[in-house]
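Structure, as structure tokens:
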Amino acid sequence: MAKQKEVYVCSSCGAQTMQWRGQCPGCREWNTLHPAMRPRAGAAGTSRSGVTGRPVALSAVTDAGQTPYGSGLAALDRVLGKGLVPGAAILVGGEPGIGKSTLILQIAGFVAAQMGEERPVLYVSGEESLGQIKGRADRLRIQAPGLLALATSRVEDVVEAVSASSPLLLVVDSVQTLASTEAEGLPGNVSQVRAVATILLELCRRSNCTLVLVGHVTKDGTLAGPRLLEHMVDTVVSLEGDRRQMFRLLRVYKNRFGPNEELLVFHMGAQGMQVVDDPSTFFLGQRDASLSGAAVVMAVDGQRPLAVEIQALVSRTFLSIPRRAALGFDVGRLHLLLAVLEKRLKLNFSQVDIYAKVGGGIRLSEPGLDLALVAAVLSSYYDIPLPEKCVLWGEVDLNGQIRPVTAQHVRLGQARRLGFSPVVQPEREHGGISTVSDLQKLLFHRGSASHASGNRKKIS
């Protein structure tokens, strides 16, 4: 028997090298190469349909057996594009305790109740015992006879169970807890995750079974294991939110059957995860418009407009280096916008600490956040509250100009539907503004330079 050779696999992109390097030759990331055993040769590859053969004409290809079915949540089916597709693979990521297992068990219970015992649903857990799975199902009031459960850490047991029961839906919670005898190392390492995912994907494609993989995330929020795992599956979704709050956000980062960057808002209740039908003002909460340092932005996440509060606090400091902190967005954006305000409005932030956050625990990355963040900072700096129903959006350039952002008409229509006024945005034909100086004059009735010295005294 030929001796297996050791290779080094990148945990970011999945590239392989024969010797260790500090930098991956594929993705150029540092310190991502880990040792693994080269897979055994001789395994025949299979096609997407699980059948090896000759090429065929696309016009002769049929979608027999690929009819999607519902997940029990109409909003989730819309976000996924076609619901659950037989033979497709879905990767669900999220922090521990965010509600991944609860949501997946809800979906499994609904599918099992709809299909009965004709084609069961198999729920595999490598983290919980059968008693723990039963307890969660009882809390969610799931009593479907077609829902099968398996507690194991061996992928070979899963293969046997799928071959014996031929399920319509296979749920694996989580992929990092399963191990295969064909790979070296402990469960969760690069080799094991790749081997387990490959076996499960090929198994479900041959049996025309929908696969849902639950994956852990790292400290920076990315999925643990090789990056290649995200390329192997058809759909990648992520559950986000603050575990101390009752809402959760489901984002679609990859979808071969529908649009990407879609957003779905859930509310964690006693009956599990419940969809928030109209989250337009869900993140505003019970805000007090009479306080300074708060501005409302009409953000667009995916295809859905959301009204979100941006909060800022400007306070005097006695430190030689003032503090800058941001929560819910990149702190680099805060530094950039403060530099623009100091340059274009002749303001002095050298003696103040500035803190900013996105209300409700949501995280935003779209450029339309800039104008609302600037308004919140100026509101706290001048200690002047914004109008109660004021809403803003727009991208701020380094020269102080305000650029239009995507989905202008969607934002404007939603703002008018919710009764926001005034609407401050970059579209000139709709009464918009073009510079940060215009914003300062419109909302705070201040000039760019004449009141600079007086403004410094107000902070003190």
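The values are calculated or read from the model by the stated rules, or taken from the named source; none is laboratory data. A quick note: this is a predicted structure, and the numbers were derived from the prediction, not measured. Neighbour counts run over all protein chains shown; Cβ positions are idealised from the backbone, glycine included.
Checking each residue in region 419-444 for being surrounded by fewer than 19 Cβ atoms within 10 Å (Cβ to Cβ), part of a loop (DSSP other than H, G, I, E, B) and modelled with pLDDT of 90 or more picks out 419, 421, 422, 434.
Consider region 255-301. How many of its residues are part of a loop (DSSP other than H, G, I, E, B), within 28 Å of residue 108 (Cα to Cα) and more than 20 Å from the chain's Cα centre (by Cα)? Going through region 255-301 one residue at a time, the tally reaches 2.
Can you name every residue in region 11-25 that is at pLDDT 80 or above and either assigned to a loop (DSSP other than H, G, I, E, B) or touching a Leu at 6+ places or on another chain (Cβ under 8 Å) (or both)?
First, the residues of region 11-25 that are at pLDDT 80 or above: 16-25.
Matches in region 11-25: 17, 18, 19, 20, 21, 22, 24, 25.
Restricting attention to region 240-254, which residues are under 16 Å from the mean Cα position of the chain (by Cα) and farther than 18 Å from residue 84 by Cα?
Narrowing region 240-254 to residues under 16 Å from the mean Cα position of the chain (by Cα): 240-243, 247-254.
Within region 240-254, 240, 241, 242, 243, 247, 248, 249 qualify.
Among the residues making up region 376-396, those that are of a type outside the set (Val, Ile, Thr) and within 27 Å of the chain's Cα centre (by Cα) are 376, 392, 393, 394, 395.
Within region 361-375, can you find the residues that are within 21 Å of the chain's Cα centre (by Cα) and either outside any helix (DSSP H, G or I) or more than 13 Å from residue 329 (Cβ to Cβ) (or both)? Matches in region 361-375: 362, 363, 364, 365, 366, 367, 368. Considering only residues that are closer than 26 Å to residue 180 by Cβ and under 27 Å from the mean Cα position of the chain (by Cα), which ones fall in region 108-160? Matches in region 108-160: 108, 121, 122, 123, 124, 125, 126, 127, 128, 133.
Within region 227-240, residues that are of a type in the set (S, T, N, Q) have Cβ atoms under 8 Å from residues that are in a helix (DSSP H, G or I) in these pairs: 235/80, counting only partners at least 6 apart in sequence or on another chain. State yes or no: is residue 304 of a type in the set (Lys, Arg) and outside the structural domain of residue 436 (by TED's automatic domain parsing)? Considered against the rule, which asks whether it is of a type in the set (Lys, Arg) and outside the structural domain of residue 436 (by TED's automatic domain parsing), residue 304 comes out as no. Filtered by the rule that a residue be at pLDDT 75 or above, among the small types (Gly, Ala, Ser), under 25 Å from residue 236 (Cα atoms) and out of contact with any Gly (no Cβ under 8 Å at 6 or more places or on another chain), region 36-71 gives no residues. For the condition assigned by TED's automatic domain parsing to the domain that holds residue 437 and either in contact with a Ser or Thr (Cβ under 8 Å, 6 or more places away or on another chain) or not in a loop (DSSP other than H, G, I, E, B) (or both), residue 347 does not qualify. Looking only at region 343-355, residues that are under 12 Å from residue 381 (Cα atoms), free of Cβ contacts under 8 Å to residues at least 60 places away in the same chain and either buried (at least 20 other Cβ atoms within 10 Å of the Cβ) or not hydroxyl-bearing (Ser, Thr, Tyr) (or both) come to 3 in all.
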